[in-house]
1. Just to be sure I understand, how many residues within segment 154-167 are over 20 Å from residue 85 (Cα atoms) and either touching a helix residue (DSSP H, G or I) at 6+ places or on another chain (Cβ under 9 Å) or aliphatic (A, V, I, L, M) (or both)?
2. May I ask you to list the residues in segment 1-57 that are aliphatic (A, V, I, L, M) and over 29 Å from residue 146 (Cα atoms)?
3. Determine which member of the set 46, 14, 81 is of a type in the set (A, V, I, L, M, F, W, C), farther than 19 Å from residue 163 by Cα and within 19 Å of the chain's Cα centre (by Cα).
4. For residues that are in a strand (DSSP E or B) and closer than 19 Å to residue 36 by Cβ, tally how many sit in segment 128-152.
5. Going residue by residue through segment 153-162, is there one that turns out to be out of contact with any Ser or Thr (no Cβ under 8 Å at 6 or more places or on another chain), over 20 Å from residue 60 (Cα atoms), part of a loop (DSSP other than H, G, I, E, B) and of a type in the set (Gly, Ala, Ser)?
6. Could you tell me which of the residues 65, 51 is at negative phi and not aromatic (Phe, Trp, Tyr)?
Amino acid sequence: MCGHATLASAYVIFTYLDETIGEVIFRTRSGILEVSREENLINMIFTSREGAKCKIPKELIKGLGRKPEKVFRSRDYLAVFEKEEEIINLNLNWEELKKLDGLGVIVTAEGEEVDFVSRFFAPKIGINEDPVTGSAHCTLVLYWKVVLGKHELVAVQLYKRGGRLFCADLGSRVKISGEAVSYLEGYINI
């Protein structure tokens, strides 16, 4: 499952192929991915991924340059910090993060202007930092829903060109909504 490709494909369908279509369903190895649009937002429905509380691996502390308050584990490690500032000022060590047995590392804290903020790192698969990560929010929404007591959440992924996401807990699934824009248009001559 790749949120970037799903979002981009749906955006192209909605914007360039048929502006009258309101919903697209993708059949993937990860299952059915439903994508719809409402006004300027594209909504994607993903399967929830709950994290289980776990011990904090020493590689995680070394890789982030500080110890999180608590850590959970799903496909990725979820490291929870007290303040947004801590997320911004991590002292990252990619080699230590590569040693972890999970796919990636999600770091999060309650937001100052939104419900929560995050960053996502996956150096093991060649992505030191991802600008906006839909799959990470499959875990984040479940965590923050419990902590904040809210089923609808606004999130920001803290990256130079990160993004604002509108999230909703749907039980065993999560809805993640955001904006998409055209970046590049090209032609291939064969």
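The values are calculated or read from the model by the stated rules, or taken from the named source; none is laboratory data. Because the structure is predicted, anything quoted here is derived from the model rather than measured. Cβ: placed from backbone, ideal geometry, glycine included. Neighbour counts: every protein chain shown.
1. As a first pass, look at segment 154-167 and keep what is over 20 Å from residue 85 (Cα atoms): 166-167.
Right, trim to either touching a helix residue (DSSP H, G or I) at 6+ places or on another chain (Cβ under 9 Å) or aliphatic (A, V, I, L, M) (or both) and you get 167.
Of the residues in that region, 1 qualify.
2. Step one: filter segment 1-57 for residues aliphatic (A, V, I, L, M), giving 1, 5, 7-8, 10, 12-13, 17, 21, 24-25, 32-33, 35, 41-42, 44-45, 52, 56.
Once the filter is applied, which keeps residues that are aliphatic (A, V, I, L, M) and over 29 Å from residue 146 (Cα atoms), segment 1-57 yields 5, 8, 10, 12, 13, 17, 21, 24, 25.
3. Working: 46 fails: farther than 19 Å from residue 163 by Cα; 14 fails: within 19 Å of the chain's Cα centre (by Cα).
So the residue among 46, 14, 81 that is of a type in the set (A, V, I, L, M, F, W, C), farther than 19 Å from residue 163 by Cα and within 19 Å of the chain's Cα centre (by Cα) is 81.
4. 1
5. Taking every residue of segment 153-162 in turn, at least one turns out to be out of contact with any Ser or Thr (no Cβ under 8 Å at 6 or more places or on another chain), over 20 Å from residue 60 (Cα atoms), part of a loop (DSSP other than H, G, I, E, B) and of a type in the set (Gly, Ala, Ser).
6. Working: 65 fails: at negative phi.
Being at negative phi and not aromatic (Phe, Trp, Tyr) holds for just one of 65, 51, which is 51.
Yes/no per residue for (1) surrounded by fewer than 20 Cβ atoms within 10 Å (Cβ to Cβ); (2) without any contact (Cβ under 8 Å) to a residue 12 or more places away in the chain; (3) touching a strand residue (DSSP E or B) at 6+ places or on another chain (Cβ under 9 Å); (4) within 24 Å of residue 47 (Cβ to Cβ):
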{"position": "93", "(1), (2), (3), (4)": "yes, no, no, no"}
{"position": "97", "(1), (2), (3), (4)": "no, no, yes, no"}
{"position": "105", "(1), (2), (3), (4)": "no, no, yes, yes"}
{"position": "110", "(1), (2), (3), (4)": "yes, no, yes, no"}
{"position": "119", "(1), (2), (3), (4)": "no, no, yes, yes"}
{"position": "124", "(1), (2), (3), (4)": "yes, no, no, yes"}
{"position": "128", "(1), (2), (3), (4)": "yes, no, yes, no"}
{"position": "144", "(1), (2), (3), (4)": "no, no, yes, yes"}
{"position": "172", "(1), (2), (3), (4)": "yes, no, yes, yes"}
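Listed here are the residues, each with its yes/no results for (1) among the acidic types (Asp, Glu); (2) within 14 Å of the chain's Cα centre (by Cα).
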position	(1), (2)
105	no, yes
110	yes, no
122	no, yes
134	no, yes
158	no, yes
186	no, no
